[in-house]
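Undergrad: This is the structure I want to talk about, given as structure tokens.
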Amino acid sequence: MQTQLEYFNLQLQNGQTFDETKCSIQSKPLFQASDYVQFAQEIYDSCQFDSFDEQRFLNILLQCTVEDMCKVNHAFLACYGCSISSCITKDCNTNFEKVILGSVQNRYTFWAAQIHQTLTLSTIDVSSLSDLIIMADSNDMSAINYEYQRLYGSQIQESIITFTTEPSHFQVDKNCAKLLRAWCSQLRYGRNSIEHDVVSLHESFKAEHADYNSLIRVLCTSTQVEFKMMCEQYHTMYSCTLRAAIETVENQYMKMAAVLAHDSLLNSASCCAQILKQALTSCDYNNMLVSLAVLFRDRYSSTVGRWYDGSVSSDINGFVVSSQSDWNQGELNQIWRAE
């Protein structure tokens, strides 16, 4: 199966513009207030047994976006005087139950909390931090920053500086930290200087002591349209894709974050597929599966299989068998529409 990365590289080689419509977010159903009340009733009924009926909840979750689930939670509160989480918290000790609790929160409250949790680990998980930040687009980032400020009294950029420079924490590469802080700012505008930017990028990669300011500026301030044009121009001028040039970056964390940013600007569904692949094939990436299921299931589950390198279902099976985690294969298959 052709991966998304192979597809857009082929498009660039052919001098074509990448077709973003091939990875559009799935359409969201329109529910009425009565539908949310009905969902709330079903969830309430599923909590009345000795054990929580997870499949019954999952059937509802798969029909809804995160925003829909917040409305279901509101209906639950209106009908029963308590939140969904209060009914299941006492038993919440599995990964799927964490997905349930995350799914009835405001998307950006959960997103901000996951970023903060990653930053405050004794050893910062740079991969997870990069994934959580770079998967956010301009609209997302504005809302995440608002929630982060409300919850923790500081901006994400400030927290990145604070936590990545503490001696007790893993010392994040300074350029990687700069890229993540710049991405949080999301100042995108049409500069109309594509050829100049491409030359500047190429020169920065050739420099003996690489200066990544040009790369950070291009990744974090370009509009998607201009960035795609830059990718095409870079290949035309240097017979090399911009992605391949980024992969020459020496520091593994800067390279990882920059490649993810590059791919996200071209096709965010492919990034979700890459992160899901890493989560299913890495023994220490278990918590990211919860974040992916809560934040991106409703956006990308219908398209992630197209860009996934391999079989989602096979990797889920291998993960469940080898990880000895409490994830249920059937539940993961349903969440990601794996066949």
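The values are calculated or read from the model by the stated rules, or taken from the named source; none is laboratory data. This structure is a prediction, so every number in the text was calculated from the model and none was measured. For neighbour counting, all protein chains shown are included, and Cβ atoms are generated from backbone atoms with ideal geometry for every residue, glycine included.
Undergrad: If the Cβ limit is 7 Å and pairs must be 6+ apart or interchain, which residue in the range 39-59 that is assigned by TED's automatic domain parsing to the domain that holds Lys98 and free of Cβ contacts under 8 Å to residues at least 40 places away in the same chain pairs with which residue that is crowded, with 19+ Cβ neighbours inside 10 Å and part of a loop (DSSP other than H, G, I, E, B)?
TA: Taking only residues 6 or more apart or on different chains, the pairs are Ser46/Phe52.
Undergrad: For the range 125-162, which positions are closer than 20 Å to Asn287 by Cα and of a type outside the set (Val, Ile, Thr)?
TA: The answer is Asp125, Ser127, Ser128, Leu129, Ser130, Asp131, Leu132, Met135, Ala136, Tyr148.
Undergrad: Something else: Can you name the number of the only condition in (1) under 28 Å from Cys176 (Cα atoms); (2) at pLDDT below 95; (3) not acidic (Asp, Glu) that Phe319 fails?
TA: (1) is the only condition that Phe319 fails.
Undergrad: In the range 231-250, is there at least one residue being crowded, with 18+ Cβ neighbours inside 10 Å, part of a loop (DSSP other than H, G, I, E, B), in contact with a helix residue (DSSP H, G or I) (Cβ under 9 Å, 6 or more places away or on another chain) and at pLDDT 95 or above?
TA: The answer is yes, given that some residue of the range 231-250 is crowded, with 18+ Cβ neighbours inside 10 Å, part of a loop (DSSP other than H, G, I, E, B), in contact with a helix residue (DSSP H, G or I) (Cβ under 9 Å, 6 or more places away or on another chain) and at pLDDT 95 or above.
Undergrad: Hey, another quick one. Out of (1) part of a helix (DSSP H, G or I); (2) at pLDDT below 95, the odd one out for Ala210 is which?
TA: Only one criterion in (1) part of a helix (DSSP H, G or I); (2) at pLDDT below 95 is unmet by Ala210, namely (1).
Undergrad: Scan the range 44-82 for residues that are more than 22 Å from Phe296 (Cα to Cα) and either aromatic (Phe, Trp, Tyr) or part of a helix (DSSP H, G or I) (or both) and report the count.
TA: Here is the first cut: in the range 44-82, the ones more than 22 Å from Phe296 (Cα to Cα) are 44-53, 75-82.
Filter again for either aromatic (Phe, Trp, Tyr) or part of a helix (DSSP H, G or I) (or both), leaving 44-46, 49, 52, 75-80.
Count: 11.
Undergrad: Which members of the range 177-206 meet the condition of being within 21 Å of Ile160 (Cα to Cα) and in a helix (DSSP H, G or I)?
TA: Selection gives Ala177, Lys178, Leu179, Leu180, Arg181, Ala182, Trp183, Cys184, Ser185.
Undergrad: I'd like the full set of residues that are surrounded by fewer than 21 Cβ atoms within 10 Å (Cβ to Cβ) and part of a loop (DSSP other than H, G, I, E, B), limited to the range 132-168.
TA: Asp137, Gly153, Ser154, Gln155, Thr165, Glu166, Pro167, Ser168
Undergrad: Now, a different point. List the number of the failed condition for Asp197; all other conditions in (1) within 27 Å of Ser128 (Cβ to Cβ); (2) out of contact with any Leu (no Cβ under 7 Å at 6 or more places or on another chain); (3) not polar (S, T, N, Q) hold.
TA: Asp197 satisfies all of (1) within 27 Å of Ser128 (Cβ to Cβ); (2) out of contact with any Leu (no Cβ under 7 Å at 6 or more places or on another chain); (3) not polar (S, T, N, Q) except (1).
Undergrad: Moving on to the next point. Before we move on, is Ala338 at pLDDT below 95, within 19 Å of the chain's Cα centre (by Cα) and of a type outside the set (S, T, N, Q)? So that I can check it myself, show each step before the final result.
TA: On the way: at pLDDT below 95: yes; within 19 Å of the chain's Cα centre (by Cα): yes; of a type outside the set (S, T, N, Q): yes.
Yes, satisfied.
Undergrad: Now, a different point. Consider Ser282 against the criteria (1) within 22 Å of the chain's Cα centre (by Cα); (2) without any contact (Cβ under 8 Å) to a residue 12 or more places away in the chain; (3) more than 16 Å from Val126 (Cβ to Cβ): it satisfies all of them except one. Which criterion is unmet?
TA: Of (1) within 22 Å of the chain's Cα centre (by Cα); (2) without any contact (Cβ under 8 Å) to a residue 12 or more places away in the chain; (3) more than 16 Å from Val126 (Cβ to Cβ), only one is false for Ser282: (3).
Undergrad: Within the range 83-131, which residues are part of a helix (DSSP H, G or I) and of a type in the set (S, T, N, Q)?
TA: Ser85, Ser86, Thr89, Asn95, Ser103, Thr109, Gln114, Gln117, Thr118, Ser127, Ser128, Ser130
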